[in-house]
Each structure stands twice: as C-alpha cells, then as structure tokens.
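These notes are about the structure you will find just below.
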Amino acid sequence: MAVEASEASRPLADAGRATVDFAAATRLLRRGASGALLVQVGGAGFSLIVNVLLARLVGKSQYGIYAYAMSWVSVLVVLAMLGQSSSVVRFVPIYLHRKDWGALRGLRHGASGIVLAGSIAIMLAGAALVLALHDRMGSATLQTMLASFLLLPLLAQLGLNGGFFRGYKRAVSSGAYNSLVRPVFLIGLVLVLALPLGLRLDASGIMLANVVAALAAVGCSEWHLSRAWPAAAKHVEPSYEPRAWFKLGRQLFLLAAIGIVSNRVDVLILGGFAGADEVGPYYAAVRLAAIAAYGLTAVNTILAPMIAESYAADDHATMASLVHHAARLTFVVTAAVAIAIAIAGYWVLGLFGKGFAEAAYIPLLIILAGQCVAAMSGPTGFLMTMTRYERQASWFMALAAVLNVVFSVALIPAFGLIGAALATAFGSVAWNVSGLAFVRTRLGVNPTVLPLGEKR
C-alpha cells in the first residue's frame, strides 16, 4: 500500500498524463480502500467478539457501565488529539510534494508532543472531576471511569500514528493497530484472566485489560511507523511550523470534537435518562451498525490525502473524478453490508445476552438507514477539510450536533432507544445535506452517487 514520496508529489503535466495519473490514482484508491476495508471488517469482527465476550462475562449491568465509560473515552480522546490526527493527513502530502524532509520530521515530533500534552491534561482534569463527583456515582462506575482515563494518551497516540500512515497512503497500516492489534491483545488478555487464572472480572477489570492491550498496540505502531519513515527524513535537522499546525489543528479539532460528540451524544443522554441497563443494548446496536460505515471510512482513509494532493497541485478535474468514483464505490459497499446486518442483526444482538435483541433491533435498523444516507452523500467532510474549508465544515457539523442534542433530549424520554436512534439519524441527514450543498457551490464537484454533474 505504500506510495513513494516522489510518486505522491508529482503534479499532472498535461491532459494525456492526467488520464494516466487518474487511472493510477483510481487503482490506488481501490487497492487502498479494499485493504482498509479488510482491516476494518476484521477489526469489527474482533470488536464484536470482544463485546459479546465481555457482555457474557460481566453481565448486562456491568457491560453497560463499561460501554458508558468507553463512550466518554471516545469523546475525550478526540479532544486530546487537538485535531493533529487529521492535520497530519493534510500536511504530510504537502511536505512530500515539497520534499521538505526537515518539516516532515519536525511534524512527527511536534504533533506527538502536542497530543501527549493534551492527553495528560485531559486525563488529570477528568480524573479530578470524577473524584469530585464520587458521591453521585456507584463504586463500580467510579472505578471504571478512573481506569478509562489511563486509555487516553494511548488511544490518542494510536490515532496520531494512524494519521501519519494515512498521509503516506498506507491505508492498511492506518487502522490495523487500533482496529485489529488492540482487540486481539484484549481478547487474549481477557481469556487468560478469566479462564486459566479464574479471575472474576467486572467493568473496571476489563477496562484495565483494555489499557494493557492499547499499550501493546502503541508499541507495535511506533515500531512500524519508524521503519516506514522516509530515509531522507530520519536524520535531517527537524524544522517546526507550530503556527501552521495549530491554525489548521484548531479548526480540525473543533470539527472532530463536534463530530465525536454528535456520534456519542445519543449514548450519553440515554445513559443520563435511562441508566446502564438501557445503554448496554443500544451500545451493542451502535457497534454493530458501525460495520456498515466501514465502507465509507475505508475509502476516506486513502481518499483524504489524495484530495489534499490534488488540491495542492490545483488539479480540479482529477479531484472531481476521484470523489465521484469514490462515492459510487462507498455506496455499493455500505448498502450491501447494511442489508446483511439488517438480515442477521436480530440474531447477532441475541448473542450479547437476554433482552438485547428485543430492545435494540429497531434502533439498529434506524441507524443503518442513516449510514446509507451518509454513503449516498459522499465524502463531503473530507472535501472541505482537505481543501481550505475546514472552518465551514465545523459550522455544518456544529449545526448537526445541536440538532442531535435537541432531538435526543426531546425523543429519548418518550421513546427510549428508538428515540436515540432517530435523533442520531436526523443529525446525520442535516450534516450531509448541508455539507453537500456547500461542496457543490464552492468546489463545483459532485461527491454523490447521483449523476448531478459539475457546477464549475
């Protein structure tokens, strides 16, 4: 999946060369997306096995506590990365295009330092807040939340390393360590603790096991990234552009923070209104439905640096063709996976335990419908963030997040899990429709599966 820096940075010279380059880019897109999809599907399989195993092992209530804590971790880890995991995806192709090896090395050092500082600050602040509110939560929730904060710097570093791999168009490596390596370590560790050692695990115990698994995954990821780093950028004097990194990172941080809050607010508000017993089945549905989005995520993994590269080279034609081709590929995969999940979903949810399928199957179908709408709309978010419209992307995402919160507060008390799923679907539609309208107007490209043509 690796692409040499010289290949990644060559601009298109003429129409004939553009055709060749577009054909090569299309092949790279398909290979990269296929590899990323295999990693994510494999990771989803391991994740499903892990979550079924954990739900069976600790029971519905303890699993709900674990799911609730992991939802908070998913939100906080995005805040801890301060937008750097997305920022490096845009800067790496630019530095490769310029052959600016000193800036590339400085980017790795600087981004890692920013992420580590952000992680530690949020970890300490979160732990202090939880301890201050200890009398409002049970001991199991308190212990699990405290253990979950240890995950923050590890998951943040995994996310940053994944961003570097994406910038180099190494689609498989970008997700392998978080989606495959970490779940494999977690499965092995939990089985060893529960079977040969006979330990009785609870929510805090499996969270600590997750910390150990993440630590092992970070070590593997760092080793691989060091080996994959360009030789010219290994020993050169690093140069730093903190103002540029923070300027872009600030906008991408806001966008990512809004996005993760929007994606998790249903679980968090459901937990506030209904408690852990309701969160467990809904979280299982969310995790299962996420498999349908892997087609979109897999394509975007390799597409994002290609958009940045085309935009930097002022090659609008290639960018427009790539995103439209990517949208068709994404929608076919997403729709096929969504149909398969809809057929098998009731049975799969039943594997989690008694009452999961009855409570969560209808919400699962609603979430799947939202995934299909997102795939149909195409990569509107990356078209904005990988060009120069990251600020506008954050506005549209903020609108969707506000709508998600409003609908969640309005619908969850009356409709429970179904209300949470509907609120998420409404927010997703708002984000995709507003983003699509903007991309069509400003960039003049058609990122959808529909034959809308270009406006430019």
**Q.** Scan of the stretch 413-423 for residues that are closer than 15 Å to Leu268 by Cβ and either buried (at least 23 other Cβ atoms within 10 Å of the Cβ) or without any contact (Cβ under 8 Å) to a residue 40 or more places away in the chain (or both), ordered by number
**A.** Leu417, Gly419, Ala420, Ala421, Ala423
Q. Where in the stretch 359-456 are there helices (runs of 4 or more DSSP H), lying wholly inside it, with at least 3 residues that are farther than 29 Å from Leu248 by Cβ and not hydroxyl-bearing (Ser, Thr, Tyr)?
A. 390-415, 417-442
Q.
So Val212 passes all but one of these: (1) surrounded by fewer than 19 Cβ atoms within 10 Å (Cβ to Cβ); (2) modelled with pLDDT under 90. Which condition number does it fail?
A. (2)
Q.
For the condition surrounded by fewer than 17 Cβ atoms within 10 Å (Cβ to Cβ), among the aromatic types (Phe, Trp, Tyr) and either assigned to a helix (DSSP H, G or I) or touching a residue at least 24 places away in the same chain (Cβ under 8 Å) (or both), what is the one hit in Tyr177, Tyr240?
A. Tyr240
Q: State yes or no: is Val299 farther than 27 Å from Ala420 by Cβ and either hydrophobic (A, V, I, L, M, F, W, C) or within 18 Å of the chain's Cα centre (by Cα) (or both)?
A: yes
Q.
Consider the stretch 180-209. How many of its residues are of a type in the set (Gly, Ala, Ser), surrounded by fewer than 18 Cβ atoms within 10 Å (Cβ to Cβ) and at pLDDT 80 or above?
A. 1
Q | Index of the failed condition, Gly64 passing every other in (1) in contact with a Pro (Cβ under 9 Å, 6 or more places away or on another chain); (2) closer than 18 Å to Ile206 by Cβ; (3) modelled with pLDDT under 80 | A | (3)
Q) Has the stretch 348-357 got at least one residue that is more than 24 Å from the chain's Cα centre (by Cα), buried (at least 18 other Cβ atoms within 10 Å of the Cβ) and among the aromatic types (Phe, Trp, Tyr)? A) yes
Q.
Suppose we filter Val75, Val130, Val88 for residues that are crowded, with 24+ Cβ neighbours inside 10 Å and either over 24 Å from Ala203 (Cβ atoms) or out of contact with any His (no Cβ under 6 Å at 6 or more places or on another chain) (or both); which single one remains?
A. Val88
Q: Could you check, for the stretch 283-306, whether at least one of its residues is in contact (Cβ under 8 Å) with a residue 24 or more places away in the chain, outside any helix (DSSP H, G or I) and over 25 Å from Tyr95 (Cβ atoms)?
A: no
Q | Given (1) part of a helix (DSSP H, G or I); (2) within 26 Å of Leu53 (Cα to Cα), index of the condition Lys354 fails | A | (1)
Q: Scan the stretch 169-208 residue by residue and report those that are charged (D, E, K, R), over 24 Å from Pro153 (Cβ atoms) and under 22 Å from the mean Cα position of the chain (by Cα).
A: Lys169
(Q) Scan the stretch 144-157 and tell me whether some residue there is modelled with pLDDT under 85 and part of a helix (DSSP H, G or I). (A) no
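The values are calculated or read from the model by the stated rules, or taken from the named source; none is laboratory data. Treat the numbers as computed from the prediction; the structure is a model and nothing was measured. Backbone-built Cβ (ideal geometry, glycine too); neighbour counts: all protein chains shown.
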